[in-house]
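Notes follow once the structure below has been shown.
Values in this text are rule-based calculations from the coordinates and carry no lab data. Just so we're clear, the structure is a prediction, and the values are computed from it rather than from any experiment. Cβ placement follows ideal geometry from the backbone for every residue including glycine, while neighbour counts extend to all protein chains displayed.
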Amino acid sequence: MRSLFPAPGRPGRIRRTIRRYANVVVRARGYLRVLKPATKQIFARPADPLSVSTSYVIMRNGIGVLGLAFPVVLIVGGGLDAVQPSLSAYYHFSAAHPSEPCAGTMRDVFVGMLFAIGAFLFFYRGHSVQEDAALNVAGISAVLVALLPMDWPPDSKAPATLSAHIHSTSAIIFFVMIAYVCIFRAQDTLCLMRSSRRRRIFRRVYLVMGIAMFATPAAVSALDIVAPGRNGYSTLIIEVAGVFVFAAFWLIKSVEIRSSLHPRFVPLRPIRPKHHPTPDGNDGRDPGGRAGPTDCAT
């Protein structure tokens, strides 16, 4: 029969086990705190009295949800018994008038959601001049995709119109700009993260997303060249996958930035400001000796 009293040395093991599980619980609570709603996590921050960070988190989450809903709403609203070969076709398609252009049942939804996405990308301030410019171009491209629709019907033998060319080019530019942000501008915010392991994970995730975004317009263009008008739902599947990757990027970006803002993941050492000399010989500091604008140390 096992003794009710611990053997010599056993209390130490018990204490170590309890301490180990307590550390796991504390660590889990720290990670869960990062995933709290923005209104609970950032709203009460003394450093953010105007809730600017909260607004940006909500905007990033909103654009992610909007991107996820965009293809679903079009496909379901247009009718599951009449799925179109591409997302752009929903601008024209109507079950009552299938061959009439600009009569789509989901035309207003298509234009409205693209305008919302384009406006967000244009007015969202990037974390660097390059990222901001890329997002501005992507936002303008999304609006052009909505304003200048594809030709209808898609199997027409007539030459493509100028509107169709601008529509396709704008869609390609949109995906390329987001891919550029995923691959080349990730370091603009990842440098704020304390954990090098988490930085590597996020960087790899962004790399995969960027490659997928680059592959989306390339695959659609290849299908149009190889089998124009005869690729079934391949174009639709590729477009939906690309839009989902776009939405996932903004949701993951929101998690990354909120993780960086959390005390558990801020840098161990404060980021030193970079002083930019001015033409008058000043080193970037104002007369009071305060440092100028700060950048992530690379």
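At-a-glance table
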| read-out | value |
| --- | --- |
| Distance between region 245-259 and region 56-118 - C-alpha centres, whole angstrom | 23 Å |
| Protection proxy ranking, peptides 79-91, 246-258, average beta carbon neighbours within 10 Å, highest first | 246-258, 79-91 |
| Burial ordering of Arg107, Arg200, Arg60, fewest other beta-carbon atoms within 10 Å first | Arg200, Arg107, Arg60 |
| Simple label model, 7 Å out from Cα along Cβ direction - Asp108 to Val72, nm | 2.2 nm |
